[in-house]
Amino acid sequence: MNKKTIELAFYPGCIIQTEQYSYELSLRSVLPVLDVKLIDIEGFSCCGEPLKSVNRMITLVLSARNLAIAESKNLDIFTPCPICNLALTECKKILDNDEKMKDKINKFLAEEKLTYNGTNKIISILELLHDIISLDSIKRHVKKPLELKAAVHYGCHSIRPSEIGRFDDSEEPKKIEEILKVLGVETPWYPEKLDCCGGLLNMNLPETALTKTGEKLRSIEEQGFDLMIDICPWCHRQFDGKQKKAGETVAYNLNLPVVYLTQLFGLAFDIPWEKLGFNLNLSPVDTLLEGR
Amino acid sequence: MNKPRIGVFVCHCGTNIAATVDVDKVKEYAKTLENVVVSKDYKYMCSDAGANLIKESIKKYKLTGVVVACCSPRMHEHTFQRVSSDGGLNPYTVEIANIREQCSWVHDDIKESTDKAIKLVEAAVAKARLLQPLIVSSIKVIPNALVIGGGIAGIQTALEIAENGHKVYLVEKTPTLGGRMAQLDKTFPTLDCASCILTPKMMEAANHPNIELLTYSEIEDIEGSIGNFTVRIRKKARYVDADRCKGCGDCAENCRLKDRIIDEFNLSLNKRSAIYLPFPQAIPLTYTIDPNHCLMITTGRCGKSPLCVEACDADAIDFNQKDEIITINVGAIIIATGFNLLDPSMIPEYGYTRSPNIITTLEMERLINSAGPTRGEIQLLDTKEKPKSITYILCVGSRDETVCSWCCRIGCMTALKHLYLIREKLPDVEINLCYIDIRSYGKGYEEFYRTARNLNVNLFRGRPSEVKPTKNGIIISVFDTITNKLFEIDTDMVVLVPAVTPREDSLELARKLKVSLSSDGFYLEAHPKLKPMDTATGGIFLAGFCQGAKDIQDTVAQASGAASRALTILSKKELEAEAYIAEVDEELCSGCSICISVCPYQAIDIITEDDKKHAKVNEALCMGCGACTAACPSGAIQQRGFKDKEIISMIEVLSK
């Protein structure tokens with residue numbers, strides 16, 4: 001059965017290229033195994049989301065130009081970061097339903113000789129893994145089923161606001177659990193599953209942000225999970241990068257491995273851990289890598 | 001054929017018409033129309049004086065038809081038909097021109113309104129010239145009634161009709177009467193014991209000589225129309241002889257599946273045997289065998305032999321029983337089928353499926369009830385210990401556009417009732433209530449609310465977004481809009497007050513009865529204010545929760561009302577059939593049967609006369625809906641009072 005290689009424009013956003021490089025490393029190692037080719041395009045810029053509360057017009061122009069760039073190469077755009085994904089999806093929804101706004105934005109884009117027509121799709125990591133690649137395809141590549149008990153963290157931007165269509169259901173999301181099941185990972189429900197990481201409070205209320213992060217990690221540890229899985233670089237920054245500080249804030253010795261979903265994929269596919277960015281994790285991931 | 005002699009009567013309706021329409025001008029114009037022999041106006045045509053004016057004119061001018069230019073025919077067509085009939089004219093030669101709702105009430109310009117009124121009157125005269133007198137046949141009324149549903153609504157309706165000397169068939173789907181009220185412990189606001197006030201009525205209904213009880217029975221199908229319905233009912237097999245069974249219970253005690261089958265009456269909080277009585281005061285006091293679980297019925301054998309048969313002294317068990325279909329004839333039908341509660345598992349954030357200690361109000365009602373699964377002990381479902389804190393959440397799924405937009409009407413009072421009963425049983429337990437509003441609107445309800453508020457309970461005005469069952473208890477975050485503070489409630493037991501929904505089988509029954517449902521799925525009343533117990537279908541009425549959320553007193557009131565509506569039909573020996581029915585021109589009819597395929601009342605048949613097949617309308621069944629007239633490709637079937645040529649004559653006037 002010959003499967004065609006899926007080609008997608010890779011839109012990394014801001015922090016995946018630098019601070020959260022482990023995500024990009026794991027994506028570039030894992031996705032080719034699943035017959036997905038990531039095409040890098042020059043000229044991508046910020047998605048515009050950080051400016052949303054300050055100037056909506058700039059946000060829309062920034063989102064639209066990124067969509068237009070991918071469109072000009074006839075490619076669907078893959079956004080591993082859920083926040084970028086939300087920005088682009090909201091922009092698409094507005095421009096596809098408001099002719100006047102679309103014309104206004106296209107006037108800006110014309111300066112770069114770009115046009116937004118709305119012909120390409122925006123693909124999230126969950127849509128890519130669960131719906132496009134499919135669970136069966138993933139299963140075929142699993143070399144070593146991982147016997148782990150993982151706490152799944154969806155974050156907020158991947159499932160809300162439900163009205164514009166997100167990766168999964170906003171009250172009972174299931175896709176990550178279904179994917180992990182194929183890798184042999186147990187994913188029991190826990191009460192804090194839908195709690196926010198606190199990441200966006202970092203600017204104004206850093207202590208509150210760390211409290212939210214710390215409380216969630218502590219509860220997960222107390223419930224005996226082996227690790228936590230996330231899919232968003234901002235969440236990962238909190239849970240993985242700031243775990244030590246979060247522990248200090250909630251006065252608890254936190255010791256929980258936090259990894260990206262695709263990093264875990266790499267382990268199940270028996271890809272060497274160096275290629276999955278594990279050396280960039282700040283949370284204690286050594287326990288996962290024993291014997292590799 | 002004599003020339004038509006039409007009288008035109010234009011009403012002022014006080015200033016309702018006269019302020020915008022120049023009534024005098026309309027009256028004068030009418031005089032100029034062909035065949036109009038008299039034209040008069042009056043301030044209130046529907047009054048006695050107006051009526052006399054019409055009656056005298058009919059006699060004096062020997063009128064053959066009457067046009068009244070006035071309000072909507074929905075208001076007074078019936079009035080003027082009666083007046084004309086009193087005056088000696090066939091009532092179906094009266095035509096109404098609506099110059100109020102369709103003219104003076106919707107326009108401002110006097111000249112344009114008057115011109116429009118003149119046109120409307122002229123069109124009405126054009127039709128009146130062609131109207132034929134109609135002789136209406138009568139239908140014999142069968143003086144019996146059918147009540148579908150054996151809860152408090154059905155019981156009340158049945159008793160009222162029976163007391164009036166008519167026979168009532170009371171059909172109930174489950175093995176016993178009682179419905180939802182039998183599941184309650186106490187009723188608000190008096191805190192009467194529900195069973196104590198219900199069981200005497202159940203007994204009365206069971207023993208009344210005019211009531212035939214058909215429990216464990218369902219409606220198969222219904223044919224016919226007002227005054228004359230033919231209903232087929234399936235009496236399901238209990239596999240127990242009702243005449244022999246004494247209700248002693250030895251069979252259930254000895255059943256091989258004792259305590260193994262989920263008990264629906266107790267909402268799955270405990271288990272029963274395959275042979276069962278829903279509750280101890282069940283009427284009839286006859287055991288029933290559950291055909292979905294009984295080993296003898298599902299597999300053909302039960303050990304060496306069924307233990308129930310061995311245990312039964314009265315030799316009442318009969319595995320050879322079969323379902324029986326009976327046919328009854330009734331003149332009126334009342335639907336009293338009740339309601340369901342929303343299953344809160346469709347709202348995952350409230351955690352109903354994630355913890356055994358998150359329950360619904362009806363489940364709590366069963367716990368509080370001393371005849372319930374815990375003998376009246378309020379305890380945590382998993383550990384059986386007394387809870388230290390109980391939290392109620394109102395409006396779970398109610399007043400919510402994504403689930404049920406309507407208010408359940410009984411939630412607030414039920415929760416307050418529970419607060420009172422729980423405080424009685426557990427003097428020290430912490431009780432919390434999260435609400436959006438407290439709707440304690442009825443007689444005695446506000447006083448009850450005040451009593452409940454003073455029981456050392458915590459009321460939070462806010463809707464929790466999530467109920468989190470953790471290892472250390474259930475955590476609820478709620479923002480209280482009165483103190484403007486965010487609270488985190490740590491509680492042991494959560495009671496959800498769910499939305500109310502129609503029963504799953506209501507659509508199926510609605511189709512069988514040819515009644516409509518409203519947008520929320522409950523049965524649609526003919527008019528929400530003035531006809532709350534009628535349906536749009538003649539002879540079929542509504543009682544109780546199946547028409548819309550209401551408490552027990554409103555249910556009983558509506559049930560008595562529905563009975564009275566039914567008696568209006570049943571007390572007559574004959575009813576006038578519908579006048580504006582369809583009739584077939586046999587010359588034009590080809591027998592294509594398209595009319596039959598669209599008739600909702602099965603009122604048309606194909607008959608063969610003189611070697612020619614044609615359609616024939618059953619005058620007793622036709623309800624004059626007009627569907628056949630619209631569908632007929634040749635125009636052979638026409639509706640009396642609305643014939644094509646009559647309507648076309650009006651169109652010709654209006655398009656001049």
Restricting attention to the range B:380-401, which residues are under 12 Å from B:Val494 (Cα atoms) and more than 38 Å from the chain's Cα centre (by Cα)? B:Leu380, B:Pro387, B:Lys388, B:Ser389
So which residues in the range B:253-276 are touching a Leu at 6+ places or on another chain (Cβ under 8 Å), within 20 Å of B:Gln183 (Cβ to Cβ) and without any contact (Cβ under 8 Å) to a residue 40 or more places away in the chain, if there are any at all? B:Ser273
Condition met for A:Ser170 (free of Cβ contacts under 8 Å to residues at least 12 places away in the same chain and either crowded, with 18+ Cβ neighbours inside 10 Å or of a type outside the set (D, E, K, R) (or both)): yes
Spot the failing condition for A:Asp168; the list is (1) in contact with a Phe, Trp or Tyr (Cβ under 9 Å, 6 or more places away or on another chain); (2) within 14 Å of chain B (Cβ to nearest Cβ); (3) in a helix (DSSP H, G or I), and only one is missed. (3)
Confirm whether A:Ile176 is within 14 Å of chain B (Cβ to nearest Cβ), touching a residue at least 24 places away in the same chain (Cβ under 8 Å) and surrounded by 19 or more Cβ atoms within 10 Å (Cβ to Cβ). no
Going by what's in this entry, would A:Leu205 be described as open to solvent by 60 Å² or more (accessible area, probe 1.4 Å) and aliphatic (A, V, I, L, M)? yes
A:Ile220 vs (1) among the β-branched types (Val, Ile, Thr); (2) more than 24 Å from B:Tyr350 (Cα to Cα); (3) within 14 Å of chain B (Cβ to nearest Cβ): all pass except (2)
Restricting the search to the range B:132-178, which residues are modelled with pLDDT under 95 and open to solvent by 20 Å² or more (accessible area, probe 1.4 Å)? B:Gln132, B:Pro133, B:Leu134, B:Ile135, B:Val136, B:Ser137, B:Ser138, B:Lys140
Per the filter on the range B:1-45, residues over 46 Å from the mean Cα position of the chain (by Cα) and of a type in the set (Phe, Trp, Tyr) are B:Tyr29
By residue number, the members of the range A:94-107 that are within 17 Å of A:Ala70 (Cα to Cα) and open to solvent by 50 Å² or more (accessible area, probe 1.4 Å) are A:Asp96
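Conditions tested, residue by residue: (1) in contact (Cβ under 8 Å) with a residue 40 or more places away in the chain; (2) in a helix (DSSP H, G or I); (3) not hydrophobic (A, V, I, L, M, F, W, C).
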residue	(1), (2), (3)
A:Leu60	yes, yes, no
A:Arg65	yes, yes, yes
A:Lys102	no, yes, yes
A:Asn120	yes, no, yes
A:Ile138	yes, yes, no
A:Ala151	yes, no, no
A:His157	yes, no, yes
Qualifying residue in the range B:313-327 (condition: surrounded by 20 or more Cβ atoms within 10 Å (Cβ to Cβ), within 14 Å of chain A (Cβ to nearest Cβ), of a type in the set (A, V, I, L, M) and more than 32 Å from the chain's Cα centre (by Cα)): no
Some residue of the range A:208-215 being away from chain B (no Cβ under 14 Å) and open to solvent by 10 Å² or more (accessible area, probe 1.4 Å): yes
Would it be correct to say that A:Gly241 is of a type in the set (Gly, Ala, Ser) and over 20 Å from A:Thr208 (Cβ atoms)? no
Reported set for the range A:182-195 where residues are open to solvent by 40 Å² or more (accessible area, probe 1.4 Å) and either more than 29 Å from B:Gly473 (Cα to Cα) or within 11 Å of another protein chain (Cβ to nearest Cβ) (or both) is A:Trp189
Out of A:Glu111, A:Glu147, sole residue that is touching a residue at least 12 places away in the same chain (Cβ under 8 Å) and open to solvent by 10 Å² or more (accessible area, probe 1.4 Å): A:Glu147
Of the conditions (1) open to solvent by 40 Å² or more (accessible area, probe 1.4 Å); (2) part of a loop (DSSP other than H, G, I, E, B); (3) in contact with a Ser or Thr (Cβ under 7 Å, 6 or more places away or on another chain), the single one that B:Ser268 does not satisfy is (3)
From the list A:Gly241, A:Gly198, which residue is open to solvent by 10 Å² or more (accessible area, probe 1.4 Å), in contact (Cβ under 8 Å) with a residue 40 or more places away in the chain and closer than 19 Å to A:Ile83 by Cα? A:Gly241
Does B:Glu508 satisfy the condition of being open to solvent by 20 Å² or more (accessible area, probe 1.4 Å), away from chain A (no Cβ under 14 Å) and of a type outside the set (Phe, Trp, Tyr)? yes
Being buried (at least 17 other Cβ atoms within 10 Å of the Cβ) and touching an Asp or Glu at 6+ places or on another chain (Cβ under 8 Å) narrows A:Thr59, A:Thr79, A:Thr5 down to just A:Thr59
Is there a residue being among the β-branched types (Val, Ile, Thr), assigned to a strand (DSSP E or B), without any contact (Cβ under 8 Å) to a residue 60 or more places away in the chain and surrounded by fewer than 20 Cβ atoms within 10 Å (Cβ to Cβ) anywhere in the range A:39-53? yes
Consider A:Cys235 carefully, then state whether it is closer than 19 Å to B:Ile475 by Cβ, surrounded by 21 or more Cβ atoms within 10 Å (Cβ to Cβ) and away from every other protein chain (no Cβ under 12 Å). no
Name the single residue that is surrounded by the fewest Cβ atoms within 10 Å (Cβ to Cβ) among those in the range B:476-491 being farther than 26 Å from B:Leu381 by Cβ and more than 14 Å from chain A (Cβ to nearest Cβ). B:Asn484
Do you know which residues across the range B:356-379 are outside any helix (DSSP H, G or I) and open to solvent by less than 20 Å² (accessible area, probe 1.4 Å)? B:Asn357, B:Ile358, B:Ile359, B:Thr360, B:Asn369, B:Gly372, B:Gly376, B:Ile378
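Here's the yes/no breakdown for (1) farther than 17 Å from B:Arg409 by Cα; (2) within 14 Å of chain A (Cβ to nearest Cβ); (3) at pLDDT 95 or above:
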| site | (1), (2), (3) |
| --- | --- |
| B:Tyr435 | no, no, yes |
| B:Phe460 | yes, no, yes |
| B:Ser465 | yes, yes, no |
| B:Ile474 | yes, yes, yes |
| B:Met493 | yes, no, yes |
| B:Ala499 | no, no, yes |
Residue selected from the range B:336-355 under the condition assigned to a loop (DSSP other than H, G, I, E, B), within 14 Å of chain A (Cβ to nearest Cβ) and not charged (D, E, K, R), by the criterion farthest from B:Val500 (Cα to Cα): B:Ser355
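The values are calculated or read from the model by the stated rules, or taken from the named source; none is laboratory data. All values derive from a computational prediction rather than experimental measurement. Positions of Cβ are generated from backbone atoms using ideal geometry, with glycine treated the same way; all protein chains shown enter the neighbour counts. Heads up: the accessible areas ignore ligands, DNA and RNA and are worked out on the full protein's heavy atoms, side chains in. Shrake-Rupley method; radii C 1.70, N 1.55, O 1.52, S 1.80 Å.
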